[in-house]
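The block underneath contains the structure these notes are about, expressed in structure tokens.
The values are calculated or read from the model by the stated rules, or taken from the named source; none is laboratory data. Just so it is clear, the structure is predicted and the values come from calculations on it, not from any experiment. Here the Cβ positions follow ideal geometry from the backbone for every residue, glycine too, while neighbour counts run over all protein chains shown. Surface areas here come from the heavy atoms of the whole protein model, side chains and all, with no ligands, DNA or RNA. Shrake-Rupley method; radii C 1.70, N 1.55, O 1.52, S 1.80 Å.
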There are 2 protein chains.
Amino acid sequence: MTVRQQPAKEHRRTRQRAAVDEVLDETEDFISAQELHSLLRARGAGVGLATVYRTLQTLADDGRVDVLRSDAGEAVYRRCVREEHHHHLVCRSCGATVEIAGPTVERWAKSVADQHGYADVSHTLEIFGTCPRCRA
Amino acid sequence: MTVRQQPAKEHRRTRQRAAVDEVLDETEDFISAQELHSLLRARGAGVGLATVYRTLQTLADDGRVDVLRSDAGEAVYRRCVREEHHHHLVCRSCGATVEIAGPTVERWAKSVADQHGYADVSHTLEIFGTCPRCRA
DNA sequence: TCAAGACTGACAACCATTGTCAAAACGTCT
DNA sequence: AGACGTTTTGACAATGGTTGTCAGTCTTGA
């Protein structure tokens, strides 16, 4: 995931945001805005697609959800469990995700950037593979 | 970038492919299909947009160009300099790119995946920052 | 309770990317 | 050179995720 830390502004509590929050809480793995929208519709709590996008974007800006791009370039979201920066090990087939902390990598990235004079550094790191269950 | 190694099939030599190749050779940094298409048009050697996409895809499949997704989710391409797997340090502002080899990271990613029973592992790692020139 | 302003939703607009398919270009074989 | 089977091209339509619009609705603080 991409590193980012921003102040969290205040937002109004609405039925729609609560609904999105709820789904995120119940969802272990990364989910796209479209999927989230379908889920909401399926469970009766219909929320406009645009609203879903806006809500996710807001959450992402506040650092309350992780965002990453699937191989297809689609943005997928997930409630951020750890506060600190971390990465993901994602199953290519079922999407099962493991959060990974990699202090080594953090330091390495930082030092590489420094060596080349790059400032204000952030990085993206995701590992993809096939999980044990999908291999059975 | 994403790890991948495939056999390189034969393709016909055409004016369009040559033109794309030429631009790639002259371009240091990552470029999007759309930009490449504009460049070609600008220099007179017009090539259909669909053809640009197809050509880039073919090159990517053959491992002759690197592909990665910009923050905006747009696919960007670049002639692959090193043969082996590597990563990139990309300037967030001007796109200037440095290729990075990170054996440490490779091993780390592999071991993490192993620990969790994930097989057929690949990974993505890009570092973003502001290059010295853009900071001046 | 009220007013100000944030939020929502239906829909249009965007835009990168892919599909389609007839016409043109290649490479090869004579 | 000429013919022929294939591959490639390009103009255009179609797709699909994402964002913009804007009038109507809901929250919140006073």
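Can you spot a residue in the stretch B:116-129 that is open to solvent by less than 20 Å² (accessible area, probe 1.4 Å), in contact (Cβ under 8 Å) with a residue 40 or more places away in the chain, out of contact with any Phe, Trp or Tyr (no Cβ under 6 Å at 6 or more places or on another chain) and under 14 Å from A:His88 (Cβ atoms)? The answer is yes; a qualifying residue exists.
Regarding the stretch A:6-19, can at least one residue be identified that is at pLDDT below 90 and open to solvent by less than 40 Å² (accessible area, probe 1.4 Å)? No: the stretch A:6-19 contains no residue that is at pLDDT below 90 and open to solvent by less than 40 Å² (accessible area, probe 1.4 Å). A:Arg78 meets the stated requirement of being of a type outside the set (Phe, Trp, Tyr), modelled with pLDDT of 85 or more, under 14 Å from the mean Cα position of the chain (by Cα) and within 23 Å of B:Tyr118 (Cα to Cα).
B:Thr97 - would you say it is hydroxyl-bearing (Ser, Thr, Tyr), at the interface with chain A (Cβ under 7 Å from one of its Cβ atoms) and in contact (Cβ under 8 Å) with a residue 24 or more places away in the chain? Answer is no for this residue. When A:His87 is tested against (1) touching a residue at least 60 places away in the same chain (Cβ under 8 Å); (2) within 11 Å of chain B (Cβ to nearest Cβ); (3) open to solvent by 40 Å² or more (accessible area, probe 1.4 Å), just one condition goes unmet, and that condition is (3). Residues of the stretch B:30-68 that are out of contact with any helix residue (DSSP H, G or I) (no Cβ under 7 Å at 6 or more places or on another chain) and near DNA strand D (Cβ under 9 Å from one of its atoms): B:Gly48, B:Ala50, B:Arg54, B:Thr58. Being aliphatic (A, V, I, L, M) and modelled with pLDDT under 90 is the filter; apply it to the stretch A:30-59 and report the residue that is most open to solvent (accessible area, probe 1.4 Å). Ranking the qualifying residues of the stretch A:30-59, first place goes to A:Ala42.
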